[in-house]
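The values are calculated or read from the model by the stated rules, or taken from the named source; none is laboratory data. Being a predicted model, the structure only gives us computed values, none of them experimental. Cβ: placed from backbone, ideal geometry, glycine included. Neighbour counts: every protein chain shown. Ligands, DNA and RNA are stripped out before the accessible areas are found, and what is left, the full protein with its side chains, is counted by its heavy atoms. Shrake-Rupley method; radii C 1.70, N 1.55, O 1.52, S 1.80 Å.
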Amino acid sequence: MVGPGTPIALKCEYQSNPLGIDVEYPRFSWMVNDESRGAVQTAYQLLVASSADILEKDRGDVWDSEKIFSDQNHLITYDGPALASGRRYFWKVRTWNRDDQASGYSVPSYWEMAMLTPGDWSAKWIGKDEKGRPPRSIMLRKEFSIDEDIQDARLYITGLGNYIVYINGRKVGEDLLTPGWTDYPTKVQYQTYDVTSHLKNGKNAIGAVLGNMWWSSGLGWRGGVAYSDGPLRLFAQMKIRTPGEEQWIVTDDSWKLTYSPFVENTIYHGVTYDARLEQPGWNEGDFDDTSWEKAILIEDEGRRLVAQQGPPIRITERKKAVAIREVKPGVYLFDFGVNMVGYVRLRVEGSKGSRIKMRFAELLNEGDTVAQENLRSAIATDYYICKGDGIEEFEPFFTYHGFRYVQVEGLEKVPDESTLTGLVFHSAADATGEFSCSADILNAFYGNIFRGQIGNMHSVPTDCPQRDERLGWMGDAQIFAATSSYNMNMANFYKKWMRDIIDCQDPEGFVHDVNPAIVVKGPSKPAWGDAVVVVPWEVYRFYGDKRIIEESYEGMKAWVEYMRAKSVNDLYIWSNEDSTWFGYGDWIAVEPSPAQPISVAYYYYSTKLLGKMAGIIGKESDAIAYDDLAARIKIAFNEKYLNRETNSYEGGTQTANLLPLAFGLVPEGLEDEVARNIADNVLEKGKHPTTGFLGTKYILPLLSDYGYHQLAYETAIQTTYPSWGYMVENGATSVWELWNSDTEPPEGMNSRNHFALGSVGEWYYGYLAGIRPDPEVPGFKRSIIRPLPAAGLEWAKASLETIYGLLSVSWNQTDSQFKIDVSIPPNTFSEIHFPVSNEKKIIESGQVIFENKEVTGDPDQFKRLNSPDDEIVIEIGSGDYYFIVE
Ligand code: BGC
């Protein structure tokens, strides 16, 4: 017998070989490398060493876990002595299989600790003693020399607002919009870069440019409510290791500064860059900076410095225009084919002082000029003023736009496709999911959902990427959390955002509607504030990560207690500020639902989830207390809102009945009746959803769960208003904010890139293809595979790069056969539901494995689970399977 292969895909805190980890007890994950069916890990041994050489000798001088009997290969917590700031640690792991055979050790990996204590910093915040609304961009520089051989160098750097940094003329790192967005009064992230290859012996220089972005652009539609009017500031510390001593370069008052060529820059309005103001060589050694002024020290206002927490913002796609048209004399329209988010790189030849104007838009006027009305006060225009020096290239750096079209004026030559390159960038979490099926309308909308997701991941989940908003709206995010977690690995992204939410939480217990909290401050509204509970729960379901629950626990609890404190007369009916207004309700619904029951339904849901999560992290008495509170809310809810004659909830709309059914509020035994009301309503509406943000997430899953799957499918492929298909048929290439964005006036609230109505993606993956996490054994350690074919759909498939490996399902049906191929990652299990009566026979890889209601295949491989007559349910372990049901 051969043992397992050496473990692969080693990750520390979900990243491979990360620099800049400031987690005291980091966690390790790997994939078990064993293709055989039913492969499990029975034990592991993990070694952490202080050098690659020591590790090579199979010694863990820092930590040797020794052989641990465990089936866990994800998020194993480091359990050795305290780790040191700035140190690199090397690690590897081996595993044992069911027969106690050991694998070899994995290829070595490493991670590097960042700064763990305030005492690790000797840098100071520096800048120019100048404020402004917004402040003008500056650039800063420092020259230094290195006399000894350079072994290795790290740069730890941050700024307020955003920075771009160069060493010896070369830009450091690929990240954009650094340092990312956090609640700046509380904390700011820093980035860690390996800059060894940027440095040389002799004279060197480091130079940084600062712009406003989230810090001092002025955010919000109320004329711009800035966090700050400056000064812009930089904070950096570089450690250079040589055979002799360590050399440190830090920001202090020996740096020099001057205005940069970014003469204007704000997040919403765009950038004006005057290339005539460039100073060639400014970020290299041997530059004459005598005319520059001295940087001043800026008071450290006590904000925390934390290492980069979510995935950095990076370019993931470079696009050429699909069409370029001259729409008026000298005015060119670039069409990028789809609604994208990022900005364009300009490549141009022009005479000195000629000004290129680029206006960004999602829409066109008649005559094909750009229509910017739906951006409201966002001007979304970049200007580049040429220096007149051959071919010039420009990236605006301190802004981003949501656009399909760019209108360009001021060119001296006819442009071609090399003139503009569309750069798509976003918080670059790993893409994990794929879905497709035989219904093209669903494939098209699936693409829109993905585009909507990446278009709204800029350090925080935003509502939209284009107008004067782009804020971390809580309701949007919680509704889309599950779909997003199929599409990409969102664990670190949400973990970082949860910290932002809790940083801003009020001492009274409430969280805010948007986080970082700005523009819309004050107690959050029902279903919006509940993101503080729902998001950690989704991260737990999808990634089995308990730490997000532990970290967020007090914050979630304070929110639930806040709602309890605001409940009227102990009736468990919570109201936000007074008892007449209950928040946003089922936002943008075609048929609005009463808002008060929605608030109580969410109060129940959060309380129930809190109780469940308390149990998961061992807080038994809280688990009991919140279960009990939830039970009381349930009684009050049904007394007040359920009509016992019709079995319909107040309002009788789709959403009015969907939320109670989804959350488990419906009294036992009445679920089918409530579901029937929903189905009747959908039929009455001609197979259309009339839901808003909140109900949309649940409508198709609940129809499918309660026996109306065919109706769910026909609603999903609907192309008349209101429907997802209607968006596609009317030209949507991302997800609209409104079901009727095409007919509503543009000036108000009408974005073409809001992901909320994209929450239907969860049904594509989880119901049509049929891949779902089992919350009892989360993170897809145990998955549920339950494909639901529909009449008219020939095939569907989905795959998911889980933390254990690739999980995939592909099915197709003909009149005589249902075939399904599945692939289950090593060290995981799957409960697979065949959508056929238990009279049927199942053949797997040519062998009959189920017949006459019994498993006839290898009982070690196929385990019969209890199932209703119209399904066959078996449990299988890892491996590739090819099932046919005749
Ligand atoms: C945002 C939404 C948000 C809503 C709250 C809008 O302006 O764009 O997506 O959730 O306000 O009502």
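For helix 531-543, what angle does its Cα long axis make with the longest principal axis of the chain, in degrees from 0 to 90 and rounded to 10?
For 531-543 against the chain, the angle is about 80 degrees.
May I ask you to list the trypsin sites (Lys or Arg not before Pro) in segment 637-728 that are in a DSSP loop and have at most 14 other Cβ atoms within 10 Å of their Cβ?
Working: sites: 640, 644, 676, 685, 687, 697; in loops: 644, 685, 687.
Sites meeting the loop and neighbour criteria: 644.
Once amide H atoms are placed 1.01 Å from N in the peptide plane, what residues at a sequence separation of 5 or more from residue 17, or on another chain, have their amide H within under 5 Å of its amide H?
For residue 17, the qualifying residues are 12, 110.
Using Cα pairs closer than 8 Å and at least 6 residues apart in sequence, work out the relative contact order for segment 33-158, in percent.
Details: 162 pairs, mean separation 27.5, N = 126.
Here the relative contact order equals 22 percent.
Cα to Cα, under 19 Å, and not fewer than 8 places away if on the same chain: which lysines meet these conditions relative to residue 685?
Leaving aside lysines fewer than 8 places away in the same chain, those within reach of residue 685 are 697.
Could you tell me the distance between the Cα centroids of segment 820-859 and segment 1-76, to the nearest Å?
Segment 820-859 and segment 1-76 have Cα centres spaced 33 Å from each other.
What is the percent carbon and sulfur in the accessible area of segment 383-439, measuring with a 1.4 Å probe over the protein chains and ignoring ligands?
Details: 760 of 1890 Å².
Taking all protein chains in place, segment 383-439 shows 40 percent carbon and sulfur surface.
Tell me which trypsin sites (Lys or Arg not before Pro) from segment 745-854 have a DSSP coil assignment and no more than 13 other beta carbons within 10 Å of their own.
On the way: sites: 752, 781, 782, 797, 819, 840, 841, 853; in loops: 752, 781, 840, 841, 853.
Answer in residue order: 853.
Along segment 234-241, what does the Karplus equation 6.51 cos²θ - 1.76 cosθ + 1.60 (θ = phi - 60°) give for ³J(HN,Hα), rounded to whole Hz, x for Gly and Pro?
10, 9, 8, 8, 10, 10, 10, 9
Calculate the dipole size of segment 134-237 relative to its Cα centre from +1 charges on Lys and Arg beta carbons and -1 charges on Asp and Glu beta carbons; express the result in debye to the nearest 20.
420 debye
Around residue 116, with a cut-off of 9 angstrom between Cβ atoms, what is the net charge of the other residues, counting Lys and Arg +1 and Asp and Glu -1? Let's see the in-between values first.
Values: positive: none; negative: 22, 24, 120.
That works out to -3.
For a quick protection proxy, order the peptides 523-529, 254-260, 654-660 by their average other-Cβ count within 10 Å, most packed first.
Details: 523-529: 26.7, 254-260: 20.0, 654-660: 29.1.
Per-residue mean Cβ counts within 10 Å order the peptides as 654-660, 523-529, 254-260.
Note down the net charge around residue 839, summing +1 for each Lys or Arg and -1 for each Asp or Glu among other residues with Cβ under 9 Å from its Cβ. Before the final figure, lay out the partial values.
Numbers: positive: 840, 841, 853; negative: 869.
Spelling it out: positives minus negatives among the neighbours equals +2.
Karplus couplings for segment 551-560 from phi (6.51 cos²θ - 1.76 cosθ + 1.60, θ = phi - 60°), rounded to Hz, Gly and Pro as x?
Working through the residues one at a time gives 5, 9, 4, 5, x, 5, 5, 4, 5, 5 Hz.
Just want to confirm a number: the relative contact order over the chain, from Cα pairs under 8 angstrom separated by 6+ residues, in percent.
Values: 2236 pairs, mean separation 86.4, N = 886.
RCO, the chain: 10 percent.
Give me the percent of DSSP beta bridges within segment 783-836 that run antiparallel, rounded to the nearest 5. Walk me through the numbers before you get to the answer.
Numbers: 14 of 17 bridges.
Here the share of antiparallel DSSP bridges comes out near 80 percent.
In Å², what does the accessible area per residue of the chain work out to with a 1.4 Å probe?
Numbers: 32100 Å² over 886 residues.
With the other protein chains kept in place, the chain gives 36 Å² per residue.
I want the local charge near residue 812. Using Cβ-Cβ distances under 13 Å, sum +1 for each Lys or Arg and -1 for each Asp or Glu among the other residues. Could the numbers behind the result be given before it?
Values: positive: 797, 819; negative: 794, 815, 821.
My count for the surroundings of residue 812 gives -1.
Please list the non-local residues whose amide H lies under 5 Å from the amide H of residue 189, H modeled 1.01 Å from N, same-chain partners needing a gap of 5 or more.
306
Please report how far the C-alpha centroid of segment 746-782 lies from that of segment 332-355, rounded to the nearest whole angstrom.
Cα centroid of segment 746-782 versus Cα centroid of segment 332-355: 34 Å apart.
Using Cα centres only, tell me the gap between segment 168-200 and segment 685-729 in whole Å.
44 Å
Starting from the amide H of residue 195, placed 1.01 Å from N in the peptide plane, find each other amide H under 5 Å away whose residue is 5 or more places distant or on another chain.
The list, which skips near neighbours in sequence, is 153, 154, 155.
Segment 154-225: which trypsin sites (Lys or Arg not before Pro) are DSSP loop and have at most 11 other beta-carbon atoms within 10 angstrom? The partial results should precede the final answer.
On the way: sites: 154, 170, 171, 187, 200, 203, 222; in loops: 200, 222.
Here the sparse-neighbourhood loop sites are 222.
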